[in-house]
Each structure stands twice: as structure tokens, then as C-alpha cells.
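Okay, so here's the structure we're looking at.
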Amino acid sequence: MISAEDSRRKPLPQPDADTAAYWKGLEQGRLLLQHCLDCTHVQVYQQGLCRACGCDRLEHRAASGRGRVHSYSVVHRAPGPAFRHDVPYAVLLVELEEGPRMISSLVQGDPAAVTFDMPLELVCERVTDDVTLPRFRPAGVKEA
Ligand SMILES: [Zn+2]
């Protein structure tokens, strides 16, 4: 059961030992991807094993920060009080230049102008002392 107070706060990821490097990277403005040294698979969501071949020889490398809209949805009705002032906003399925896809959201752009294949670039948005979130803006937009 979610209390009324909780519903006014946005849910945040909880960094743990497995994901600490990932969150530290975002804090430093870098989106770290896990590259498999055995089969060359690239994954964004952090885990101890390669999702393609199961080996544990994974290496962090910073993503270019470039990607494209693979799919998206524009949210007009806030899922809870915490998001009341954000609507409308665009939830994105971003295909990174390196291959993996990740869920994110649009910043510094018009949600109504999002299109499939639209070029995007990474924005590391610090939301608390412990959490910096990977978001995306339309490519070529000047720093706000
Ligand atoms: Zn592998």
C-alpha cells in the first residue's frame, strides 16, 4: 500500500553493489554499458553475467550518448500526484548507437514533436545527491 505522502514523491532507483559503477558513471556524465569480452554482446542494464553467453567477463565502456527513438508514448494523465506537473511528457524506448535499447524520457524538447527514429543525445540529470538519471533530448539542441 502506497501512502499519500509516498505518492507525492517520485520513485527513484536504489543503487546497490551491482549497479554502483553505473550510477557513479551517470554522476560523472557517462552512460556506462557492459561489453562482453567473450561474445562482444553489449548490454545497458547492469548484471553480473552476459545475457547472450552467460560469461562474467564484462567490461564497462562509456556510451557515445547518441541514440534514436525506437518507440515512444506521450503521457497525458499523470500516473500519480508526483508526476502532476510533468504532463504531458514522452517516455522513450531509445536504441543506443551501440545497439542496446533502454527506457528513458525526453527532456528539453516538445513531447508532441517526438517521432520514430528521431536522433537523440544523452542528458545526465542529477535528481538527488545519490541519483543521476539518464534522459535524452533531441540531438542538436543547445544546452538549456
Ligand atoms: Zn557474452
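The values are calculated or read from the model by the stated rules, or taken from the named source; none is laboratory data. These numbers were taken from a predicted model, which means no experiment stands behind them. All Cβ positions, glycine included, derive from the backbone under ideal geometry; neighbour counts span all protein chains shown.
Of all residues in segment 85-104 being in contact with a helix residue (DSSP H, G or I) (Cβ under 6 Å, 6 or more places away or on another chain) and assigned to a strand (DSSP E or B), which is surrounded by the fewest Cβ atoms within 10 Å (Cβ to Cβ)? Step by step, filter segment 85-104, then rank; the result is Tyr89.
Every residue, every condition in (1) modelled with pLDDT of 95 or more; (2) under 18 Å from the mean Cα position of the chain (by Cα), yes or no:
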{"residue": "Ala52", "(1), (2)": "yes, no"}
{"residue": "Val94", "(1), (2)": "yes, yes"}
{"residue": "Arg101", "(1), (2)": "yes, yes"}
{"residue": "Glu125", "(1), (2)": "yes, yes"}
{"residue": "Gly140", "(1), (2)": "no, no"}
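Pairing residues of segment 44-70 that are more than 30 Å from Val141 (Cβ to Cβ) with residues that are more than 14 Å from the ligand (Cβ to nearest atom) and among the aromatic types (Phe, Trp, Tyr), at Cβ distances under 9 Å and at least 6 apart in sequence or on separate chains, gives Arg51/Tyr45.
Checking each residue in segment 23-61 for being surrounded by 14 or more Cβ atoms within 10 Å (Cβ to Cβ) and of a type in the set (A, V, I, L, M) picks out Leu26, Leu31, Leu32, Leu33, Val42, Val44, Leu49, Leu58.
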